[in-house]
Amino acid sequence: MEKFSQEYIELLSRKYREGSLSETEMADFKSWYSDLSTIADLDNEVNNYKSRDEIKNKIDAQLNFKEAKSKISYQPWKWRIAAAALVFIGCSVFFILAERNNNLKTDKEIVLKNVSVQPGRNLAYLTLANGTTVKLDTAKEGEVIALNGPQKTQNNQLVYSPANKGDAPTALVFNKLVTPAGGQYKVVLSDGTKVWLDAASKLTYPQRFNDTVRRVTLEGQAYFEVAHENSRPFRITAGSQEVTVLGTHFNINAYRDEPKIVTTLVQGMVRVTYNHRNIIIKPGEKAVSDSSQNSLVIKNANLTTELAWINGMIQFQDAPLPEIMRQVSRWYNIKIRYVGTPSKDVFTGGFSRDGNLASLLDILKSNGIPYQMKQNGDDKILEIGKL
C-alpha cells in the first residue's frame, strides 16, 4: 500500500518549492523521496511527473537494477560510470519534481459549497528548559509536567508551583508557552500572575523569578492580571515596547502582522517604554507605538472592542476589513486571500468566538462583499473580492 497519496505528494512538492513545509511535512517528503531508487535513466521525460511506482519501474526496467544487485563485481571503469549515473539521476529526479511544481496551480483548490469551519479552542504547546515539548490539551488533568514546575489543572490552565520567599533560583530556567492559530490558553506563573494567551501567540518566562525583577517576553496578544509586589516590578517585552507594572490588569497586542503595538490598561498604572521614550497610561487609555512613524502616543481606549477576545467575542468599531480578517485568520486557523484591492469601507459589529465561521460569512454577505471558501490540502482559504 502506498505510504502517501498522489495528491499529498503533489502538495508536499509544491510546498517544498515554496519553502513552506512544516517539520512533519518535511519528514514525510524526505521519507517519500528516500524510497525512490537512486539509479535510473529517465530518458527525456523530465516534463512529465510520475508516481513513485512509475519512476521505480522505469529505473528497474531500463538499468536492470534488481538483477545487477546479485552480480556485483569490482570493475573500476564500471564504478566510474555508475557514479556518473548516480549524479545524473539524482539531478534528473529533482528536475522532474521542480518542473512538476512549476505546473502546480490553484486547480488543486476545491471550492467548498457547505462551509463549516469550527472556532478555536484551548490548545497550547509548552516547551521546557530541556527542550521537551508537551501538547497541553493531551496532558492528563493535574499532571505534574516538570519537577517543582507547572501542573495542568482541571480548568484547562497551566499552574506553576508558588515560589517560597527567599527561594529564588541561582539561575533562571525558562519555559515557553505557544498557542497555534486556532488555540488559546491560560497560565498562572509562579508569582501568582495570571496570563491569558490569545491565538498564534508566544510567552517566554522563567519557571521561577529572581528576587529583583519579574520579566517575560510576549509575541502576539495576551491579557495580564499581574500579582502586586512592591519589591519586584513586572516587565513585559513585546516587540519594541517594554511595559513595567507593579500589579495591574492590562492587555497587550503585539502581533508581528499588525502595524502597531497597543497596550490597553484596565486598572492600576502602567509605564510604557518605546525607543527610549516613557509614558504613563491610566485606566481606559492605551499606549500605541508605531515603528513606521517612530511614535508613541496615548489614546482613549474602547475597552469593549480592545478586550473583546478575552470575553469570547470578535468585536470591531470603524475597522477596515483587513484588520478584522487578521483576527478571523488567527482564531479560525484559515488563510485570507483578496481578489483585487480590499474594500476601503470600515465596519462596526461583532460575533461570538464560539460560533462557526458562518457567522462572519453572514456579515460579509449582508454587506455585499463577495467571497468563497476553498480548500487546498489541509489549508482552508477564504477568498474575498470579485469571483
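The values are calculated or read from the model by the stated rules, or taken from the named source; none is laboratory data. Only a predicted model underlies this, so the values are computations on that prediction, with no experimental measurement involved. So basically every Cβ, Gly included, is an ideal-geometry build from the backbone, and we count neighbours across all protein chains shown.
The residues on offer are Ser343, Ser292, and the sole one that is surrounded by fewer than 18 Cβ atoms within 10 Å (Cβ to Cβ), in the same structural domain as Trp196 (by TED's automatic domain parsing), in a loop (DSSP other than H, G, I, E, B) and not basic (Lys, Arg) is Ser292. If the condition is being assigned to a loop (DSSP other than H, G, I, E, B) and either in contact (Cβ under 8 Å) with a residue 40 or more places away in the chain or among the β-branched types (Val, Ile, Thr) (or both), then the range 217-231 contributes only Val226. Scanning the range 356-378 for residues that are surrounded by 14 or more Cβ atoms within 10 Å (Cβ to Cβ) and not aliphatic (A, V, I, L, M), we see that the one that is farthest from Leu11 (Cα to Cα) is Ser359. The set of residues in the range 250-287 being within 17 Å of Leu197 (Cα to Cα) and out of contact with any helix residue (DSSP H, G or I) (no Cβ under 9 Å at 6 or more places or on another chain) consists of Phe250, Ile252, Ala254, Arg256, Ile261, Thr263, Leu265.
If we scan the range 232-239, do we find a residue that is assigned by TED's automatic domain parsing to the domain that holds Gln184, part of a loop (DSSP other than H, G, I, E, B) and in contact with a Lys or Arg (Cβ under 6 Å, 6 or more places away or on another chain)?
Taking the range 232-239 and keeping what is assigned by TED's automatic domain parsing to the domain that holds Gln184, we get 232-239.
Okay, now just the ones that are also part of a loop (DSSP other than H, G, I, E, B), so 232-233, 239.
Keeping just the survivors that are in contact with a Lys or Arg (Cβ under 6 Å, 6 or more places away or on another chain) gives 232.
For the range 232-239, residues assigned by TED's automatic domain parsing to the domain that holds Gln184, part of a loop (DSSP other than H, G, I, E, B) and in contact with a Lys or Arg (Cβ under 6 Å, 6 or more places away or on another chain): present.
For the range 124-200, which strands (runs of 3 or more DSSP E) that fit wholly inside it have 1 or more residues that are surrounded by fewer than 15 Cβ atoms within 10 Å (Cβ to Cβ), touching a residue at least 40 places away in the same chain (Cβ under 8 Å) and over 15 Å from the mean Cα position of the chain (by Cα)? Give the steps one after another, and end with the answer.
On the way: elements: 125-127, 133-135, 150-152, 157-160, 174-179, 183-188, 194-197.
Filter on the range 124-200 gives 174-179.
Mind listing whichever residues of the range 201-212 are out of contact with any Pro (no Cβ under 6 Å at 6 or more places or on another chain) and not in a strand (DSSP E or B)? Give the steps one after another, and end with the answer.
Our first condition is that a residue be out of contact with any Pro (no Cβ under 6 Å at 6 or more places or on another chain); within the range 201-212, this holds for 201-207, 209-212.
Matches in the range 201-212: Gln207, Phe209, Asn210, Asp211, Thr212.
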